Amino acid sequence: MILEQVYDVPIGVRLLEKVSCLRNLSDLWKLRWHKFNVLLLTFLSYASYHMARKPTSVVKSVLHQNCTNVAAPPDLNITGIEDSWCSWSPFDGDDADTLLGALDSAFLFSYAFGMYLMGSLGERVNVRYFLSIGMMLSGLFGFLFGLAYWTDIHSLAYFIIVQVLAGLFQSTGWPGCVAAVGNWFGKSKRGLIMGIWRSHHSIGNIAGSLIAGAFVEYSWGLSFAVPAVIIFSLGLLLFVFLVPDPRAVGCPVPNHSAEPKLSPPKIVIQEAGGDSSSLDSTSIKSDGQSDKSIHKNSDADDDKAISFWRAVRIPGVIEYSFSLFFTKLINYTFLYWLPKYLKDSSETLGSQDAAELSTLFDIGGIFGGILAGLLSDLTGMSAFTCAAYFILTIPSLFLYREFGDVSAGLNTFLLFLVGFLANGPYALITTAVSADLGTHPELKGSTRALATVTAIIDGTGSIGAAVGPLIAGALSSLENGWDYVFYALMVASAMGLLLLTRLMINEAKAKFGKKKPPQNEHNLSTNSIKSEH
């Protein structure tokens with residue numbers, strides 16, 4: 001089979017090669033520059049996705065609030081509505097928490113559905129277009145939510161529709177970002193690299209909390225509009241500069257197996273006259289073409305997409321998917337309800353103060369995610385690393401609920417600790433584990449399976465993300481309801497731990513057993529590609 005593929009080089013990169021010293025860099029420094037570029041752009045991309053979804057949790061405290069201590073305008077008659085006159089209809093009634101929970105669920109169930117759909121689509125289209133369009137449309141629907149403030153919209157249907165569409169286009173982010181990064185980085189040290197890179201989740205949440213909190217008390221429409229403009233602008237930046245495939249700029253495709261380390265395969269070139277010669281795969285021209293015809297066996301095609309069912313059958317995908325279901329249930333309950341919980345639990349915190357204090361959860365999450373990646377790299381035992389975090393999360397949740405209100409210092413420490421522990425499995429499963437499974441030997445080098453595997457794992461997790469805030473909204477409205485919310489989160493952490501049991505047993509056998517698993521089981525050679533080891 002003769003393959004000729006033209007790789008799309010963004011206009012910004014083409015201009016940089018013409019006007020800067022980039023074209024004069026050695027192959028090694030060129031590779032490093034492009035890797036840094038991809039990490040930075042995808043970091044900013046997904047940080048902006050999280051930043052754009054954060055305002056909902058911050059604005060809840062003003063959409064529905066206790067108005068008895070708020071001074072009413074002198075010309076407003078508030079007789080009979082003293083405690084709700086300043087809330088935003090339709091969130092001004094006794095069912096406000098339920099309606100706010102429905103807003104979260106509309107977004108998150110749509111997001112979960114979109115993950116399965118967009119993951120399959122993402123591996124079949126250009127990732128640069130995929131991410132750029134997704135970011136710009138996410139910005140559009142975020143802006144439309146904030147527009148309700150200035151146009152005095154009070155229709156629940158309007159908010160639900162905007163949330164559904166926002167969730168759908170937000171689901172473009174994760175499959176696209178992981179696929180782009182996975183194309184540039186091999187498995188070696190992936191846990192640490194992606195643990196650091198994965199902090200974009202927490203950085204985005206922090207930025208979203210601070211930006212939304214800055215406007216929430218006097219113009220909550222800006223809490224949505226400003227993040228919307230930022231993610232839209234970054235979408236344009238990605239379109240101009242993101243290179244999702246190393247072959248587009250003449251860089252080698254990384255080795256996706258940690259062991260053994262293989263030299264670049266040599267590709268047999270068949271001349272028109274029948275003579276043959278060979279060259280390293282790293283010497284293919286930057287435009288992705290060659291003056292010669294490259295013969296490959298179609299089964300070894302790196303760009304071949306895989307089916308949903310084939311991806312599900314990869315060992316570990318199901319267990320990690322449902323484990324992520326429970327860890328995202330925990331994290332998204334905090335993401336969407338923590339500012340309101342902090343404000344309801346304190347008589348002195350305002351909406352902006354609660355938003356700023358909630359960032360401690362995400363700051364802890366940054367360090368927790370980096371440590372999880374490092375531990376996974378050092379031990380080679382991702383399931384055990386996740387399990388340790390799940391175990392320690394349970395007592396941390398109990399301690400925060402029981403003693404978080406004792407003092408400001410203790411609240412700060414415990415909130416940081418909960419974020420540190422709760423984000424560990426979330427960070428590891430959605431990055432290093434997803435990428436490793438997406439380049440599993442059974443896929444025979446189908447690196448584009450990354451988008452599908454990532455979508456399955458994160459899509460299943462996103463169902464948990466939708467369920468968590470919905471449960472929190474229903475339980476928190478009960479007497480002592482926040483106690484029930486924290487008990488539910490502890491149970492979720494225990495379930496996430498139990499689902500990893502089989503994988504932990506397999507890891508222990510592989511690590512401590514007498515027989516080492518066979519290495520490099522997949523056949524790298526094909527009829528027309530010959531590798532020298």
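Annotations
- Going by neighbour counts of Cβ atoms within 10 Å, the residues T98, T452, T42, T68 line up, fewest first, as T68, T98, T42, T452.
- Over the C-alpha atoms of the stretch 99-211, the Rg to Rh ratio, Rh being the Kirkwood estimate, stands at 1.03.
- In this label model, F398 and L236 are separated by 5.4 nm, measuring between points 7 Å along each Cα→Cβ vector.
- Measuring between alpha carbons in the structure, the pairs from K35/K511; K35/K328; K328/K511; K60/K343 lying more than 21 angstrom apart are K35/K511; K35/K328; K328/K511.
- Label-to-label distance, nm, for residues given as L147 and Y484 (7 Å Cα→Cβ offset): 3.8 nm
Bear in mind these aren't lab numbers, they're just calculated from the coordinates by the rules spelled out. Please read all numbers here as calculations on a predicted model, not as lab measurements. Note that we place each Cβ from the backbone using ideal geometry, even for glycine, and neighbour counts take in every protein chain shown.
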